[in-house]
Amino acid sequence: FTNLSESSTPQKLIRELNEVFAHFDGLCEKHGVEKIKTIGDAYMAVAGVPESSETHPADAVEAALEMRDYIAGRLADKNNLALEIRIGVHSGPVIAGVIGRRKMVYDIWGDSVNIASRMESNGAPGKVNISESTYKLLKNRYKCESRGTLEIKGKGAMAMYFVER
């Protein structure tokens, strides 16, 4: 993203990010996933909040795979910026709510948020990287490729998997 922002106009960059994030918003709605916020070029969403669901791990992974496929499809149009995407998914407890008095924003907190972030940062472009807890919930539904255990900042060794339909 840093390289793209250096080689593109701010207007084109923002226009394309808006187009991508608007599409992601539609995918979240389709799969019952709650968009939490965007942070620069990052898009944060959660499944199973505010309403818990039996299907929320699969809902999150389906949305993630469709997001990945959408970005891959955009590369065919040379007028689009060559955006890449890394996605991380973790299943675990969070707390959600609104805090503060000004510019209140619905947000989520908990170690699960940190682990999901580590899944993303330790993933690979064009891949959906899931934690072992998500793998255990979905291993009979998706093709999962073990990545073994990787050392994760602040967490130690964690098992990870790339997931595909």
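The values are calculated or read from the model by the stated rules, or taken from the named source; none is laboratory data. From a predicted model like this one, the values you see are computed outputs, not experimental measurements. Cβ coordinates were reconstructed from backbone atoms using ideal geometry, including for glycine residues, and neighbour counts include every protein chain displayed. The accessibility values were calculated without ligands, DNA or RNA, using every heavy atom of the protein model including side chains. Shrake-Rupley method; radii C 1.70, N 1.55, O 1.52, S 1.80 Å.
Observations on the structure shown:
- For beta carbons closer than 9 Å, sequence separation of 6+ or different chains, a first residue in region 113-126 that is over 18 Å from E84 (Cβ atoms) and a second that is open to solvent by 30 Å² or more (accessible area, probe 1.4 Å) and in a helix (DSSP H, G or I), the qualifying pairs are I115/S133.
- Residues that are surrounded by 12 or more Cβ atoms within 10 Å (Cβ to Cβ) and out of contact with any helix residue (DSSP H, G or I) (no Cβ under 9 Å at 6 or more places or on another chain) within region 1-13 comprise just one, K12.
- Positions within region 1-15 being without any contact (Cβ under 8 Å) to a residue 12 or more places away in the chain and not small (G, A, S), in sequence order: T2, N3, E6, T9, P10, Q11, I14, R15
- Scan of region 75-104 for residues that are in contact (Cβ under 8 Å) with a residue 40 or more places away in the chain and of a type outside the set (A, V, I, L, M, F, W, C), ordered by number: N80, E84, R86, G88, H90, S91, G92
- The lone exception for K78 - which of (1) open to solvent by 40 Å² or more (accessible area, probe 1.4 Å); (2) closer than 26 Å to G156 by Cβ it fails: (2)
- Matching residues in region 16-74 - criterion: being touching a helix residue (DSSP H, G or I) at 6+ places or on another chain (Cβ under 8 Å), among the hydroxyl-bearing types (S, T, Y) and free of Cβ contacts under 8 Å to residues at least 40 places away in the same chain: T38, Y43, S53
- The single residue among I71, I99 that is of a type in the set (V, I, T), more than 11 Å from the chain's Cα centre (by Cα) and at pLDDT 95 or above turns out to be I71.
- First in region 140-165 and at pLDDT below 95, second anywhere and of a type in the set (S, T, Y) and assigned to a loop (DSSP other than H, G, I, E, B), Cβ under 9 Å, 6 or more apart: R165/Y142
- Residue within region 6-16 that is within 15 Å of M67 (Cβ to Cβ) and not hydroxyl-bearing (S, T, Y) present: yes
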